[in-house]
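J.: After the structure tokens below, expect a handful of questions from me.
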Amino acid sequence: MNEPNSTKLIRQYDVPTPRYTSYPTVPEWDTNIFSSAEWFKTVSRAFTESNDSKGISVYIHLPFCESLCTYCACNTRITKNHLRELPYIQSLLKEWDTYLKVFGRKPLLRELQLGGGTPTFFGAENLKWLVSYLLEDVNIHEDREFSFEGHPNNTSKDHLQALYDLGFDRVSFGVQDLDMKVQETINRVQPFENLEQACMTARSIGYSSINFDLIYGLPFQTPFTVSDTFDRILELHPDRLAFYSYAHVPWLRPGQRGYSEKDLPSSFLKRHLYDLGKHKLRNAGYADIGMDHFALRKDDLFKAYVAGKLHRNFMGYTTSQTDLVIGLGASSISDSGYAYAQNLKGVEEYTEAIKNHGVALGKGHILNDEDIDTRKCILQLSCTGKLDQELMDQVVDSVILDNLVRMEKEGLIYLFDQGGLRVTSVGEPFIRNICNVFDKRQRYTASNSQMFSKAI
């Protein structure tokens, strides 16, 4: 008996594939010859070209967590010692001062995000100190977007009020799953009541947008548990949701060895869990926004998507189309449009480097012309589900064309007679695979199996 087409596609495309938050992907970056002088030259260029018209984005990585969530692939430091907050903030502010010197004048701040780790590990007063210092030497864009990630278990009214008073009106809560067995397995026990209270408090203060992060493919998830999770979180009416695929990479994240692959849903069940969640979201009035994201039609993210103005960077999908992203903190990634730079990952090595040099670059990449063109293709595909003829002409070679023709026969894309392409509804779950077709660097990589999670 022949396999259903959807089953064949999952079997074919559920392979290790980059998420394409950057191009080239991080494993392609250089750890040896990339210098701070090269990096700051590209930062100065991007700042001069785009600050006055678009502003800049700033991401601050706050890595500390009191306990390890074993599903997590973020760069974290597990500790209950809150005395570490102040020295780390001092390093962040010294790094920011280094960038202010490179800018030479006040930047126009368009986007600010606090991520982690657990930003709400830090006390409300310390977060207030950090953000207040940063805002002293900036001009704030009239359409600014300030957001932070909060843990439902420890995001207090003081956190929410202090950040709201500084201009934050968006908050994202990590939910992942509400089933107790799943929560206990991934060491992320958080009662629904804590999430509900955090949302109610945020809205009473005046937050205009609440996002939930959920994950499919976690150990012991079933259609019943995922269905129940969605029924309950939809009672809280979040404005946006991200429904991510769990990345099982125990060779990179030893905490994931607390359970085995036999505890995880199969590829086909995992896809069903995603389709189940997506169906419930659509029925509740949410629209698909790029890869893994959903928003209410009144939300700015949906409006940007409809207008063709959606943008994507290391912070996720955004309405802020800035060309310069400055990442502060251990492991943070910056993007000048002409180059990427990632800070040293360890907290101690980061703080020591900042103390001695005011900068803590660990690796990076200067983009060549082909990189820039390919990056534009992948960004357009992931934000619009389309690719115009002009960009295709710049990057398509015979290998890419052969793969696109095959994908059209499989129903994943539609190649227009006049050029360009559009991702079909069948192809939407395989957007990472479609982006991968344009990745010439990966074509020559011997194996992706130890670097990336599976696509589905």
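The values are calculated or read from the model by the stated rules, or taken from the named source; none is laboratory data. Owing to the predicted nature of the structure, the values given are computational and were not obtained by experimental measurement. Cβ coordinates were reconstructed from backbone atoms using ideal geometry, including for glycine residues, and neighbour counts include every protein chain displayed. The protein model used for the area step is the full one, side chains on, heavy atoms only, and it has no ligands, DNA or RNA in it. Shrake-Rupley method; radii C 1.70, N 1.55, O 1.52, S 1.80 Å.
J.: Would you check which residues across the range 178-188 are among the hydrophobic types (A, V, I, L, M, F, W, C) and either under 23 Å from the mean Cα position of the chain (by Cα) or open to solvent by less than 10 Å² (accessible area, probe 1.4 Å) (or both) and list them?
T.: Leu178, Val182, Ile186
J.: Picking from Tyr99, Tyr88, Tyr71, which residue would you name as being surrounded by 15 or more Cβ atoms within 10 Å (Cβ to Cβ), of a type in the set (Ser, Thr, Tyr) and not in a helix (DSSP H, G or I)?
T.: Checking each option against the conditions leaves just Tyr71.
J.: Just checking, which of Val15, Val58 is at pLDDT 90 or above and of a type in the set (A, V, I, L, M)?
T.: Val58
J.: Restricting to the range 312-360, what's the tally of residues that are open to solvent by 10 Å² or more (accessible area, probe 1.4 Å), in a loop (DSSP other than H, G, I, E, B) and either of a type outside the set (Phe, Trp, Tyr) or in contact with a Cys (Cβ under 7 Å, 6 or more places away or on another chain) (or both)?
T.: 10
J.: Another question about this same structure. Report the residue count in the range 147-177 for those that are in contact with a strand residue (DSSP E or B) (Cβ under 9 Å, 6 or more places away or on another chain), farther than 14 Å from Ile205 by Cβ and either surrounded by fewer than 22 Cβ atoms within 10 Å (Cβ to Cβ) or not hydrophobic (A, V, I, L, M, F, W, C) (or both).
T.: Here the count works out to 8.
J.: Can you pull out the residues in the range 117-130 that are in a helix (DSSP H, G or I) and either charged (D, E, K, R) or surrounded by fewer than 23 Cβ atoms within 10 Å (Cβ to Cβ) (or both)?
T.: If the condition is that a residue be in a helix (DSSP H, G or I) and either charged (D, E, K, R) or surrounded by fewer than 23 Cβ atoms within 10 Å (Cβ to Cβ) (or both), then Ala124, Glu125, Asn126, Lys128, Trp129 are the ones that fit.
J.: Name the pairs: first residue in the range 247-274 and charged (D, E, K, R), second residue surrounded by 14 or more Cβ atoms within 10 Å (Cβ to Cβ) and modelled with pLDDT of 90 or more, Cβ to Cβ under 7 Å, at least 6 apart or on different chains?
T.: Short answer, once both residue conditions are applied: Asp263/Pro219; Asp263/Phe220; Lys270/Tyr216; Lys270/Gly217.
J.: Right, here's the next one. If Glu193 passes every condition in (1) in contact with a strand residue (DSSP E or B) (Cβ under 7 Å, 6 or more places away or on another chain); (2) open to solvent by 20 Å² or more (accessible area, probe 1.4 Å); (3) not in a strand (DSSP E or B) but one, which one does it miss?
T.: Exception for Glu193: condition (1).
J.: Can you tell me which residue among Asp292, Asp300 is under 27 Å from Glu142 (Cβ atoms) and within 18 Å of the chain's Cα centre (by Cα)?
T.: Asp300
J.: For residues that are assigned to a helix (DSSP H, G or I) and among the small types (Gly, Ala, Ser), tally how many sit in the range 257-272.
T.: The qualifying residues number 2.
J.: Evaluate the following for Ser50: is it touching a Leu at 6+ places or on another chain (Cβ under 8 Å) and modelled with pLDDT under 95?
T.: No: the conditions fail for Ser50.
J.: Only residues that are under 17 Å from Tyr340 (Cβ atoms), among the β-branched types (Val, Ile, Thr) and more than 21 Å from the chain's Cα centre (by Cα): list them for the range 351-378, please.
T.: Passing the criteria: Val359, Ile366.
J.: Return the pairs, sorted by first residue and then second, in which the second residue is in a strand (DSSP E or B) and open to solvent by less than 10 Å² (accessible area, probe 1.4 Å), the first residue lies in the range 174-191 and is under 18 Å from Tyr216 (Cβ atoms) and in contact (Cβ under 8 Å) with a residue 24 or more places away in the chain, the beta carbons are less than 7 Å apart, and the residues are 6+ apart or on different chains.
T.: Between residues of the range 174-191 that are under 18 Å from Tyr216 (Cβ atoms) and in contact (Cβ under 8 Å) with a residue 24 or more places away in the chain and residues that are in a strand (DSSP E or B) and open to solvent by less than 10 Å² (accessible area, probe 1.4 Å), the close pairs are Val175/Phe212; Val175/Leu214; Gln176/Leu214; Asp177/Leu214.
J.: Return yes when Pro254 is surrounded by 15 or more Cβ atoms within 10 Å (Cβ to Cβ), closer than 23 Å to Cys72 by Cβ and more than 19 Å from the chain's Cα centre (by Cα) and no when it is not.
T.: Taking the combined requirement at face value, the residue does not satisfy it.
J.: Tell me whether the range 21-29 contains one or more residues that are in contact with a strand residue (DSSP E or B) (Cβ under 9 Å, 6 or more places away or on another chain), polar (S, T, N, Q) and more than 30 Å from Asp275 (Cβ to Cβ).
T.: Looking through the range 21-29, none of the residues is in contact with a strand residue (DSSP E or B) (Cβ under 9 Å, 6 or more places away or on another chain), polar (S, T, N, Q) and more than 30 Å from Asp275 (Cβ to Cβ).
J.: Regarding the range 444-453, can at least one residue be identified that is out of contact with any helix residue (DSSP H, G or I) (no Cβ under 6 Å at 6 or more places or on another chain), at pLDDT 90 or above and either open to solvent by 40 Å² or more (accessible area, probe 1.4 Å) or over 26 Å from Ser6 (Cα atoms) (or both)?
T.: no
J.: Only one residue in Phe294, Phe230 is in contact (Cβ under 8 Å) with a residue 24 or more places away in the chain, closer than 20 Å to Ser320 by Cα and in contact with a helix residue (DSSP H, G or I) (Cβ under 6 Å, 6 or more places away or on another chain). Which one?
T.: The match here is Phe294.
J.: For the range 361-385: of the residues being open to solvent by less than 20 Å² (accessible area, probe 1.4 Å) and among the hydroxyl-bearing types (Ser, Thr, Tyr), which is modelled with the lowest pLDDT?
T.: The extreme case among them is Ser382.
J.: Need pairs with beta-carbon distance below 6 Å; first residue more than 13 Å from Ile413 (Cα to Cα) and within the range 382-395, second open to solvent by 70 Å² or more (accessible area, probe 1.4 Å); sequence gap 6+ or separate chains.
T.: These pairs meet every condition: Leu391/Lys376.
J.: Would you check which residues across the range 368-381 are under 20 Å from His311 (Cα atoms) and without any contact (Cβ under 8 Å) to a residue 60 or more places away in the chain and list them?
T.: Of everything in the range 368-381, those that are under 20 Å from His311 (Cα atoms) and without any contact (Cβ under 8 Å) to a residue 60 or more places away in the chain turn out to be Ile372, Asp373, Lys376, Gln380, Leu381.
J.: Answer with yes or no whether Phe224 is among the aromatic types (Phe, Trp, Tyr), part of a loop (DSSP other than H, G, I, E, B), open to solvent by 10 Å² or more (accessible area, probe 1.4 Å) and within 27 Å of Phe430 (Cβ to Cβ).
T.: no
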